[in-house]
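Peer 1: First, the structure itself, so that you have it in front of you.
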Amino acid sequence: MFWLSLCFCLTVYRFDYKPKKVKVELDKKAKKRKYEYGDDEDEEDVKHKKKSKDKKAAEGKKAKKEGEDKWKWWEEERYTDGSKWRFLEHKGPVFAPAYEPLPEKVKFYYNGKIKFVFLEVATFFAKMLDHEYTTKDIFRKNFYKDWRKEMTSEEKSIITDLKKCDFSEMNEYFKAQSEARKQMSKEEKQKIKEENERLLSEYGFCIMDNHRERIGNFRIEPPGLFRGRGDHPKMGMLKRRIRPEDVIINCSKDSKHPKPPPGTKWKEVRHDNKVTWLASWTENIQGSIKYIMLNPSSRIKGEKDWQKYETARRLKKCVDRIRTQYREDWKSKEMRIRQRAVALYFIDKLALRAGNEKEEGETADTVGCCSLRVEHIKLFPKMDEQEYVVEFDFLGKDSIRYYNKIPVEKRVFKNLQLFLENKQPEDDLFDRLNTSILNKHLQELMDGLTAKVFRTYNASITLQQQLKELTCCDDSIPAKLLSYNRANRAVAILCNHQRAPPKTFEKSMQNLQTKIDEKQNQLSAARKQLKAAKANHKASHDDKSKKAVEVKRKAVQRIEEQLMKLQMQATDREENKQIALGTSKLNYLDPRISVMGKKRKKKKLLKNLNVPKKILSLGVLFFFFFL
DNA sequence: CTGTCGACTTGAGTAAACGATT
DNA sequence: AATCGTTTACTCAAGTCGACAG
């Protein structure tokens, strides 16, 4: 896919391709085109293929084998009636493998002696023994409660204390199993791989409006213990097994409906083309609905993604107006308008999330902008050299801590002081505001504008500015890479995308350092040799010694380059310790910016940038600035 | 206006694949 | 070919946001 897209992109670039609107009547198209891949090759495609024939020939085989579709959905008309598709056919989800009882010899002990043969629930806990979760009180309590529900009355009467349960033998067994899996022979591994591929090709694709599209998650989530993030009150609860009777299937009437496994029934089969999902079920922990939907490379997801960036680009055009307005609103007579304006300022400046209110006790206590509480900010009229500093400290999405100290404008500061008056730490900072009020207001300012658009917009604009600032045309490739990553990092910092420092971080850093040291030694050695060669040349003045000097000079140069590359890597890695780049790359950065900035640098750079596949398959075709 | 639900996006963590290096 | 480290692909939890009922 990567290479296909890459050469596609190069081809397109080279021949100054202009995306052409293709108007197709959908129903007609349905007749004309067959369902199988490869049939829908239009003239454009053929033309391109010819122009880059040799290249394509090399990649062609691979592409065919992978069954990639060259369909350019972005050139087609969208549905305007709110429907998402006309035709949808799929084979239904793949269910989790049935529970295999443990072998008799694997024992569980209670209070050091009594052994049992156990239910699946117990194995879930046994599998997690090494995980920190199993030491947490809430986790244990929730698990134990749900476990008891599943016990026989005999077990119930004997097992009364989780502390006296010894799962270690079961745990050993699972570990040994996963070890055995790793040690499997090549052939066995190959077999499993093939089986997976078969499953993928059978269940991993659907047909939506005449195209074979990849499904994102065609496997139903297996049962297990719920792992919430942060201090989740429900962690450890049993996530029950989903049966066909729980699943609602969505497909078109005129399609071949998926068959439930023998002896079972679907909960329902519906034909709702106003939604994009293929199957859904209700999960038992929060009672929320889970869906089976298409892969990001599909038309339906890609269109949405593309629209998202378009909205952000529209915001670009009127952001100044909006900013002027909210600054004006800081002076409003009405408290709710002031609150709205200050909240919007934070969302815009700090890329905070909207912050919907959540049901207390159902989830971890996290907040976003509108749900900030008094306890989450501190005001400092003066701090170091700066005036009017606000300190934020709260847990955001996924219980990731947001900590930031920023100087704000005086008016904002005064407003915040006003909002804090007569409030307890646990009171809402913006008591007259919620996300729906805010979004309604935003909608009035610009069609399609909501709080999250600011995140997309600010992420994209930051990337672009950073790239402009950091890169310079004749940088070497490693230097360019470093600056791209730095720009990307600036975005990740803005969006507060964090990660736990990799477990192997220290060690790998050390390894890199030793490499650098070695290179340095090599370099000084090479320099000495060069010097010697020069001296030799001076003495003898013959051709041979001259050549030797050249050779040595080249060697020094090469080593210098290598050293620089290593040092760049080290800086990059160090700076990247706690920052996750993937998310912003995937969800916030308009692909066109990456492509724009780098288009001249061809293959190698593009490859090293690690532009996500999804982006390569869509965005690469458009060459224009975000600005 | 408030609360709930449904659909869909965003996000961190993890396992597997990959690819460069020794 | 073994190792190491990175990247990708999955997984599934946790958000956003609009619709709708009362």
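Peer 1: Among the residues of segment A:571-585, write down those that are at pLDDT below 80, in contact with a helix residue (DSSP H, G or I) (Cβ under 8 Å, 6 or more places away or on another chain) and near DNA strand B (Cβ under 9 Å from one of its atoms).
Peer 2: Hits for segment A:571-585 are A:THR583, A:SER584.
Peer 1: In segment A:376-388, what count of residues is obtained for those that are closer than 23 Å to A:GLN424 by Cβ and in a strand (DSSP E or B)? Quick ask: steps written out before the conclusion?
Peer 2: Within segment A:376-388, the subset closer than 23 Å to A:GLN424 by Cβ is A:376-381.
Next, from what is left, pick out any that are in a strand (DSSP E or B): A:377-381.
Qualifying residue count for the region: 5.
Peer 1: Being away from DNA strand C (no atom under 14 Å from the Cβ) and under 28 Å from A:ILE300 (Cβ atoms), is that true of even one residue in segment A:225-243?
Peer 2: Quick first cut of segment A:225-243, residues away from DNA strand C (no atom under 14 Å from the Cβ) only: A:243.
Right, trim to under 28 Å from A:ILE300 (Cβ atoms) and you get A:243.
Yes, segment A:225-243 contains at least one residue that is away from DNA strand C (no atom under 14 Å from the Cβ) and under 28 Å from A:ILE300 (Cβ atoms).
Peer 1: Cβ contacts < 6 Å: first residue within 14 Å of DNA strand B (Cβ to nearest atom), restricted to segment A:433-449; second residue assigned to a loop (DSSP other than H, G, I, E, B) and open to solvent by 60 Å² or more (accessible area, probe 1.4 Å), any location; separation 6+ or different chain. Result?
Peer 2: Between residues of segment A:433-449 that are within 14 Å of DNA strand B (Cβ to nearest atom) and residues that are assigned to a loop (DSSP other than H, G, I, E, B) and open to solvent by 60 Å² or more (accessible area, probe 1.4 Å), the close pairs are A:THR435/A:ASN356.
Peer 1: Oh, and also: Looking at the structure I just gave you, is A:ASN217 free of Cβ contacts under 8 Å to residues at least 24 places away in the same chain, within 10 Å of DNA strand C (Cβ to nearest atom) and either over 30 Å from A:ARG140 (Cα atoms) or not basic (Lys, Arg) (or both)? Before the answer, list the steps.
Peer 2: Values: free of Cβ contacts under 8 Å to residues at least 24 places away in the same chain: no; within 10 Å of DNA strand C (Cβ to nearest atom): yes; either over 30 Å from A:ARG140 (Cα atoms) or not basic (Lys, Arg) (or both): yes.
Against the criterion (free of Cβ contacts under 8 Å to residues at least 24 places away in the same chain, within 10 Å of DNA strand C (Cβ to nearest atom) and either over 30 Å from A:ARG140 (Cα atoms) or not basic (Lys, Arg) (or both)), A:ASN217 does not qualify.
Peer 1: Now for a separate question. Could you run through segment A:196-230 and say how many residues are outside any strand (DSSP E or B) and either in contact with a Lys or Arg (Cβ under 9 Å, 6 or more places away or on another chain) or within 13 Å of DNA strand B (Cβ to nearest atom) (or both)? Write out each step before concluding.
Peer 2: Residues of segment A:196-230 that are outside any strand (DSSP E or B), as a first pass: A:196-204, A:209-210, A:216-218, A:220-223, A:226-230.
Subsequent filtering for residues that are either in contact with a Lys or Arg (Cβ under 9 Å, 6 or more places away or on another chain) or within 13 Å of DNA strand B (Cβ to nearest atom) (or both) retains A:196-197, A:199-200, A:202-204, A:209-210, A:216-218, A:220-223, A:226-230.
Residues that pass the stated criteria total 21.
Peer 1: Can you pull out every residue in segment A:109-144 that is open to solvent by less than 30 Å² (accessible area, probe 1.4 Å), in a loop (DSSP other than H, G, I, E, B) and either on the phi > 0 side of the Ramachandran plot or not aromatic (Phe, Trp, Tyr) (or both)?
Peer 2: If the condition is that a residue be open to solvent by less than 30 Å² (accessible area, probe 1.4 Å), in a loop (DSSP other than H, G, I, E, B) and either on the phi > 0 side of the Ramachandran plot or not aromatic (Phe, Trp, Tyr) (or both), then A:MET128 is the only one that fits.
Peer 1: Could you check segment A:394-507 for helices (runs of 4 or more DSSP H) lying wholly inside it with 2 or more residues that are at pLDDT below 95 and open to solvent by less than 20 Å² (accessible area, probe 1.4 Å)?
Peer 2: Of the helices (runs of 4 or more DSSP H) lying wholly inside segment A:394-507, those with at least 2 residues that are at pLDDT below 95 and open to solvent by less than 20 Å² (accessible area, probe 1.4 Å) span A:451-470, A:477-494.
Peer 1: Please determine whether any residue of segment A:385-394 is farther than 23 Å from A:GLN498 by Cβ and within 34 Å of the chain's Cα centre (by Cα). Before the answer, list the steps.
Peer 2: Within segment A:385-394, the first condition is being farther than 23 Å from A:GLN498 by Cβ, and the residues that meet it are A:385-388.
When the remaining residues are screened for being within 34 Å of the chain's Cα centre (by Cα), the result is none.
There is no residue in segment A:385-394 that is farther than 23 Å from A:GLN498 by Cβ and within 34 Å of the chain's Cα centre (by Cα).
Peer 1: Can you tell which of A:GLU328, A:GLU334 is surrounded by fewer than 15 Cβ atoms within 10 Å (Cβ to Cβ), farther than 14 Å from A:TYR457 by Cα and within 13 Å of DNA strand B (Cβ to nearest atom)?
Peer 2: Working: A:GLU328 fails: within 13 Å of DNA strand B (Cβ to nearest atom).
Of the residues listed, the single one that is surrounded by fewer than 15 Cβ atoms within 10 Å (Cβ to Cβ), farther than 14 Å from A:TYR457 by Cα and within 13 Å of DNA strand B (Cβ to nearest atom) is A:GLU334.
Peer 1: With the requirement that a residue be within 15 Å of A:PHE205 (Cα to Cα) and more than 9 Å from DNA strand B (Cβ to nearest atom), what does segment A:292-311 give you? Can you show your working first?
Peer 2: First, the residues of segment A:292-311 that are within 15 Å of A:PHE205 (Cα to Cα): A:292-301.
Within segment A:292-311, A:ILE292, A:ASN295, A:SER297, A:SER298, A:ARG299 meet the criteria.
Peer 1: Identify, please: which residue in segment A:263-284 is surrounded by fewer than 17 Cβ atoms within 10 Å (Cβ to Cβ), within 12 Å of DNA strand B (Cβ to nearest atom) and of a type in the set (Val, Ile, Thr) and is, among those, farthest from A:GLY236 (Cα to Cα)?
Peer 2: A:VAL275
Peer 1: Give the residues of segment A:536-576 that are open to solvent by less than 80 Å² (accessible area, probe 1.4 Å), polar (S, T, N, Q) and assigned to a helix (DSSP H, G or I), sorted by residue number. Let's see the steps before the verdict.
Peer 2: Narrowing segment A:536-576 to residues open to solvent by less than 80 Å² (accessible area, probe 1.4 Å): A:537, A:540, A:542, A:545, A:548-549, A:552, A:555-556, A:559-560, A:562-564, A:566-572, A:575-576.
Among the residues that remain, those that are also polar (S, T, N, Q) are: A:540, A:545, A:562, A:567, A:569, A:571, A:576.
Within segment A:536-576, A:SER540, A:SER545, A:GLN562, A:GLN567, A:GLN569, A:THR571 meet the criteria.
Peer 1: Continuing with the same structure: Can you pull out the residues in segment A:157-187 that are of a type in the set (A, V, I, L, M), in a helix (DSSP H, G or I) and surrounded by 12 or more Cβ atoms within 10 Å (Cβ to Cβ)? Walk me through how you get there before you give the answer.
Peer 2: Taking segment A:157-187 and keeping what is of a type in the set (A, V, I, L, M), we get A:158-159, A:162, A:170, A:176, A:180, A:184.
Adding the requirement that they be in a helix (DSSP H, G or I) leaves A:158, A:162, A:170, A:176, A:180.
Those that are of a type in the set (A, V, I, L, M), in a helix (DSSP H, G or I) and surrounded by 12 or more Cβ atoms within 10 Å (Cβ to Cβ): A:ILE158, A:LEU162, A:MET170.
Peer 1: Which condition does A:GLU197 not pass, out of (1) surrounded by fewer than 11 Cβ atoms within 10 Å (Cβ to Cβ); (2) without any contact (Cβ under 8 Å) to a residue 60 or more places away in the chain, if it passes all the others?
Peer 2: So the condition that A:GLU197 fails would be (1).
Peer 1: Against the condition free of Cβ contacts under 8 Å to residues at least 40 places away in the same chain, under 30 Å from A:PRO233 (Cα atoms) and open to solvent by 10 Å² or more (accessible area, probe 1.4 Å), how does A:VAL367 come out, does it pass? It would help to see each step written out before you state the result.
Peer 2: On the way: free of Cβ contacts under 8 Å to residues at least 40 places away in the same chain: yes; under 30 Å from A:PRO233 (Cα atoms): yes; open to solvent by 10 Å² or more (accessible area, probe 1.4 Å): yes.
For A:VAL367, the condition - free of Cβ contacts under 8 Å to residues at least 40 places away in the same chain, under 30 Å from A:PRO233 (Cα atoms) and open to solvent by 10 Å² or more (accessible area, probe 1.4 Å) - is met.
Peer 1: Would you please list the contacts, defined by Cβ atoms under 7 Å and residues six or more apart or on different chains, that run from a residue in segment A:394-415 that is away from DNA strand C (no atom under 16 Å from the Cβ) to a residue that is open to solvent by less than 30 Å² (accessible area, probe 1.4 Å) and of a type in the set (Asp, Glu)?
Peer 2: A:LYS405/A:GLU391
Peer 1: Spot the failing condition for A:PRO244; the list is (1) at pLDDT 95 or above; (2) within 27 Å of the chain's Cα centre (by Cα); (3) under 21 Å from A:MET293 (Cβ atoms), and only one is missed.
Peer 2: Of everything listed in (1) at pLDDT 95 or above; (2) within 27 Å of the chain's Cα centre (by Cα); (3) under 21 Å from A:MET293 (Cβ atoms), A:PRO244 misses just condition (2).
The values are calculated or read from the model by the stated rules, or taken from the named source; none is laboratory data. Because the structure is predicted, anything quoted here is derived from the model rather than measured. Quick reminder, even Gly has a Cβ in these numbers, built from the backbone with ideal geometry, and neighbours come from all protein chains shown. The protein model used for the area step is the full one, side chains on, heavy atoms only, and it has no ligands, DNA or RNA in it. Shrake-Rupley method; radii C 1.70, N 1.55, O 1.52, S 1.80 Å.
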